[in-house]
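Please read the structure below before turning to the comments.
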Amino acid sequence: MITEIFRLAEGQEVEKIRRAAEIIRAGGLVAFPTETVYGLGSDALREEAAAKIYAAKGRPSDNPLIAHIADRSALYELAACVPDWAEGLADAFWPGPLTLVFPKKPIVPDGTTGGLKTVAVRMPAHETARKLIRAAGVPIAAPSANTSGRPSPTTAFHVLEDMDGKIDCILDGGDAGFGLESTIIDATGPVPVILRPGYISAEMVREIVGKVETDRAAEQPLGSGEMPKAPGMKYRHYAPKAKLVIVAGKEAAVTDKINEMTAEQEALGIPCGVICARETAPCYHCTNKKIIGSRQHQETIAHNLYAVLRQFDEENTGMIFSESFEGGQLGQAIMNRLKKAAGYHIIQV
Ligand code: AMP
Ligand code: MG
């Protein structure tokens, strides 16, 4: 299969989105930008279209897909029951980087939900995504457009790296905005439960609903045999090829420890890399240090995380040491991804 790239240059947008929507309606696969990361879309109501997503990504078939909608009315076609507090969250944060999980209606095939009796729904804010969904006239099932286990794509180039020859087309709309996947909230019980942290923080949810819980799997590895509520959380996601270690603690202790460990590893001939904030970058001796963003502007760290991990992959780095980025509105989301990428290997100094 030849993967076509549709660049969304001015003046051609309508025609390119129309062609991409035709591909979705014909049961094909289209990668498209959203305000979180690039998604890999197919018709959410066709079992065989969802199966193509799993094949292209090499995704385990028990890891369900999020259905993307452009209008609120579509929610009630997919979800069997929407509690008032979930309506409140949708009012506050849709369109936007929030996914809500509901009991599903029979119209949603098991192939889309990984056999679950629930369906995850999101209304993205990105204009291209919204136009594509409207033009297709169906909800679009779309996981991140990466090969399973690789960092999620935040540019059309990242999508091409993983999906060339496996999907029909890529709508190239430039960089994805936020850079991390949506916040997922279980809306099947009495209280919102965060299954995966994202831009919409626990605090923001609490302000609307008055209460919020966080699933254990969002913050720590589960024991063997334990099953997270979001099946995807059990897989080692976002993994770079190199071994990644997070060093956490007071700033000076962290920079000293990372300098000590990179010197040790480099003496053994292992190519090292460092992930650091702009503020502390001058403290590191390692020649391959990458500035991920600024602690003063946490959104820059979220935006660059996956691109930095992909860069290290290209350079065949053997060992990566990263600072920790806890705290603030985005700390929970950033650390959830970074800890998973590190296989929860954290050194506290
Ligand atoms: P991705 O689209 O690649 O960001 O992955 C989608 C995430 O949503 C995975 O972690 C899934 O486990 C989760 N998810 C999708 N549908 C459901 C559902 N019905 N219940 C719980 N989690 C879900
Ligand atoms: Mg993903």
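Readers should treat all values here as calculations from the given coordinates under stated rules, not as data from a laboratory. Just so it is clear, the model here is predicted, and its values are computed rather than measured. When we count neighbours, we look across all protein chains shown, and the Cβ atoms used for this are built from the backbone with ideal geometry, even at glycine.
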Output the relative contact order of the range 85-235, whole-number percent, from Cα pairs under 8 angstrom with separation of 6+ residues. 22
Explain nothing, just the number: dipole magnitude of the chain about its Cα centre with +1 on each Lys and Arg Cβ and -1 on each Asp and Glu Cβ, in debye rounded to the nearest 20. 500
List the residues whose amide H sits under 5 Å from the amide H of ILE275, counting only those 5 or more places along or on another chain, with H placed 1.01 Å from N in the peptide plane. LYS290, PHE321, SER322, GLU323
Determine ³J(HN,Hα), in whole Hz, for all residues of the range 296-301 in sequence, where each value follows from phi through the Karplus function 6.51 cos²θ - 1.76 cosθ + 1.60 and θ = phi - 60°; x replaces Gly and Pro. 6, 10, 4, 5, 5, 5
Given Cβ charges of +1 for Lys and Arg and -1 for Asp and Glu, the option among CYS286, GLY114, SER73 whose Cα lies farthest towards the positive end of the dipole of the chain is GLY114
For the range 215-267, which GluC sites (Glu not before Pro) pass both filters: DSSP loop (anything but H, G, I, E, B) and at most 12 other C-beta atoms within 10 Å? GLU226
Among the lysines, select those whose C-alpha is under 20 Å from the C-alpha of LYS57, and discard any that sit fewer than 8 residues away in the same chain. LYS166, LYS234, LYS241, LYS340
Per DSSP helix of 4 or more residues, -39500 (n - 2.57); summed, then divided by the residues of the chain. What does that give at 222 nm, rounded to the nearest 500? -10000 deg cm²/dmol
How big is the charge dipole of the range 218-294 about its Cα centre, in debye rounded to the nearest 20, if each Lys and Arg gets +1 on its Cβ and each Asp and Glu gets -1 on its Cβ? 360
Could you give the length gained by full extension between SER294 and GLN220, i.e. 0.36 nm per residue of separation minus their alpha carbon distance, to one decimal place? 24.1 nm
Cut-off 10 angstrom, C-alpha nodes, Gaussian network model of the chain. Which of GLY27, GLY39, GLY189 fluctuates the most? GLY189
If a/c stays under 1.5 just call it rounded; otherwise compare a/b with b/c (prolate if a/b is bigger, oblate if not). Do that for the range 133-260, with a ≥ b ≥ c from the square roots of the Cα gyration tensor eigenvalues. oblate
Work out the charge dipole of the chain with +1 on the Cβ of Lys and Arg and -1 on the Cβ of Asp and Glu about the Cα centre, then indicate which of LEU160, PHE325, LEU40 is farthest towards its positive end. LEU40
So for the range 254-334, using the alpha carbon gyration tensor with a ≥ b ≥ c as root eigenvalues (a/c under 1.5 gives rounded; past that, a/b versus b/c decides prolate or oblate), I'd call it prolate
Would you work out the charge dipole size for the range 4-126 about its Cα centre, treating the Cβ of every Lys and Arg as +1 and the Cβ of every Asp and Glu as -1, and quote it to the nearest 20 debye? 300
Specify the longest stretch of the chain that does not include any exposed loop site, a site being one of the trypsin sites (Lys or Arg not before Pro) with a non-H, G, I, E, B DSSP assignment and at most 14 other Cβ atoms within 10 Å. 1-116
Sort the chain into rounded, prolate or oblate with this rule: let a ≥ b ≥ c be the square roots of the eigenvalues of the Cα gyration tensor; rounded if a/c is under 1.5, and if a/c is not under 1.5, prolate when a/b is larger than b/c, oblate otherwise. prolate
Treating cross-link reach as a plain straight distance, find the lysines whose alpha-carbon is under 21 Å from the alpha-carbon of LYS131, omitting any fewer than eight places away in the same chain. LYS16
